[in-house]
Amino acid sequence: MFDLDTLNGLFGDAVTVADGRVAVNRPDAIAGPPMDQLVRAAVFGEGGEREYARWLVWEIGQAVGVQPASIHDLYMARGRGEIGGFTVPAINLRVVTYDAARAIFRTAKSIDAGAFIIEIARSEIAYTGQRPHEYVAVIVAAALREGFRGPVFIQGDHFQVNHKKYAVDPQTEVDAVKQLVREAVGAGFYNIDVDTSTLVDLSKKSHAEQQKLNYEVGVDILKEVRANEPTGITISAGLFLGRLVGGTLGRWIAGVGIAAATVQVVGLQRWVTLVPGVSSEALDPARRADAEKRFELLHTVLGKVIGETLGYALTATFTVLVVIALSRTIMPRWMAVVGYTAAGLIATGVVIPLVDAASLSNFAGYVAWCVWLLCVAVLLFRASRRVVPAA
């Protein structure tokens, strides 16, 4: 496609290469069609031509201040409250990468934005055939083509351990992720998200047991990240926690919870949407008897059967499911007992039409349930703030 002399001459005297050093004499000239040719050679070239094109893109970027960087210091500053008021989007580019990246940098330049991440996952690297050195060359070239200046945050997203392969040969699978880490960091990926959440085992009884492989293998891979850090760079490293509750049980919790809320809303809405009309009819002596019958029917069907009886049953069921799910992970025993007790007392409401005393136990159940809900909220809030320390 191109020999080395042709590559060196793509930008004319705007870019010169001498003794292994690249000088950019006219920075504005690199944001033009020759960059398209250079990135084409970096992707589709053969052997030494391809590697040279990638090297040239890298060196041009270094010369004008378009350099792969770690977002670690920005995150730390934000954590200390020194900066804020913006988000940091992470955008997975896996097809038409050069054109898509150009659009991103063009937009970023137009709004004076610099805090954004371009990333690719381990699985995406595999099925698109974009190895890290190619990916970095394409992203940096796109930034140069659009005249963007500043750090470029390229991230290895979901450098994930495949749980099926891990089950067959743990060491080989972990070593494969470590090798990808070395390759990616060497190419300029200075932001790495390690994903060992695939190893979380929700069949285990305690939260610690469920997460054990996740954090042990994850920290092992994070150590590899730290061991390969270039001098002067702290790689922004993340580790996926995985889910505390999910799967089939999680879907049941969501479904039953929505149903419980819905039937109670249906029951309550009669006072706003239907009862006022019935009351107006009742003011007419000729229609009062029919209005009273209609009111009793609405009160029985929407109020007692749907809103109350069915609502009690679904609320109790929802509570039991939540206790079962969270007891496997983060809920202490005393809180589970309170939840089960509240659910049982609420469930007694279904026999209120037969046993008057059940109205008192049902009321007590809802009082206990409200307290229990507040405790669960605090529990989940605290769990969401737990962070696995970086290696």
key: Selection of chymotrypsin sites (Phe, Trp or Tyr not before Pro), the range 27-86, meeting DSSP coil and at most 14 other Cβ within 10 Å   = F86
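Based only on Cα atoms, what mean projected area does the convex hull of the range 6-146 have, in nm²?
On the way: hull surface 38.3 nm².
Quarter of the Cα hull surface area: 9.6 nm².
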Under 18 Å from the Cα of K178 - lysines, other chains or at least 8 residues apart = K164, K165, K223
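Taking the number of other C-beta atoms within 10 Å as the exposure measure, put L283, L314 in order starting with the fewest.
Details: L283 9, L314 21.
Starting with the residue having the fewest Cβ neighbours, the order is L283, L314.
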task = State the Cα centre-to-centre distance between the range 280-334 and the range 170-246 in whole Å.
result = 48 Å
request  = List the extent of the Cα atoms of the range 1-64 along each of their three principal axes, largest first, rounded to whole Å.
outcome  = 28, 26, 18
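Counting every Cα pair in the range 65-239, what percent are over 26 Å apart? Please list the in-between numbers first.
Details: 5100 of 15225 pairs.
Above the 26 Å cut-off, the range 65-239 has 33 percent of its Cα pairs.
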ask   = How high is the FRET efficiency between L274 and N92 when r is their beta carbon distance and R₀ equals 45 Å, given to the nearest 0.05?
value = 0.35
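Loop-only trypsin sites (Lys or Arg not before Pro) in the range 188-230, please: DSSP not H, G, I, E or B, and at most 13 other Cβ atoms within 10 Å. Mind showing how you got there, number by number?
Working: sites: K204, K205, K212, K223, R226; in loops: K204, K205.
Here the sparse-neighbourhood loop sites are K205.
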Convex hull volume of the range 247-384 per residue (C-alpha atoms, cubic angstrom) = 119 Å³
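What do you get when you divide the Cα radius of gyration of the chain by 2.2 N^0.38 Å, with N the number of residues?
So the chain has a normalised radius of gyration of 1.46.
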query = How far, in nm, would the chain grow between Y366 and A103 when pulled straight, counting 0.36 nm per residue and subtracting the alpha carbon separation?
reply = 89.2 nm
query = Under 27 Å Cα-Cα from K293, which lysines qualify once same-chain neighbours fewer than 8 residues away are excluded?
reply = K304
key: For the chain, built as a Gaussian network whose Cα springs stay under 10 Å, the top-fluctuating residue of D36, D195, D169   = D169
key: Estimated inter-spin distance, L4 and K204, nm [label 7 Å along Cα→Cβ]   = 5.4 nm
key: Estimated Rh, the range 127-204: Kirkwood, alpha-carbon pairs, angstrom   = 14.2 Å
key: Inter-site label distance for A18 and E82 at 7 Å from Cα along Cβ, in nm   = 4.0 nm
query = What is the distance, in nm, between label points placed 7 Å from the Cα along the Cα-to-Cβ direction at Q67 and at A31?
reply = 2.1 nm
remark   = Once the dipole of the range 254-391 is set up from charges on Cβ (+1 Lys and Arg, -1 Asp and Glu), the residue from the list W334, V305, V371 lying farthest towards its positive end is W334
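Hydropathy at least -0.5 by Kyte-Doolittle, axial extent at least 18 angstrom from the Cα trace: which helices of the chain, defined as entire DSSP H runs, fit?
Values: long enough: 47-64 (26 Å, -0.39); 97-110 (20 Å, -0.39); 132-145 (19 Å, 1.00); 170-187 (26 Å, -0.14); 207-227 (29 Å, -0.64); 247-273 (38 Å, 0.85); 311-327 (24 Å, 1.89); 333-347 (21 Å, 1.17); 358-384 (38 Å, 1.54).
Passing helices, by number: 47-64, 97-110, 132-145, 170-187, 247-273, 311-327, 333-347, 358-384.
Identify the GluC sites (Glu not before Pro) of the range 1-75 meeting these criteria: DSSP loop state and at most 13 other C-beta atoms within 10 Å of the C-beta. List each step's numbers first, then the result.
On the way: sites: E46, E49, E51, E59; in loops: E46.
In loop regions of the range 1-75 (DSSP not H, G, I, E or B), the sparsely surrounded GluC sites (Glu not before Pro) are E46.
Every number here is computed from the coordinates shown, using simple stated rules; none is lab data. Everything numeric in this text was worked out from a predicted model, so none of it was measured. Positions of Cβ are generated from backbone atoms using ideal geometry, with glycine treated the same way; all protein chains shown enter the neighbour counts.
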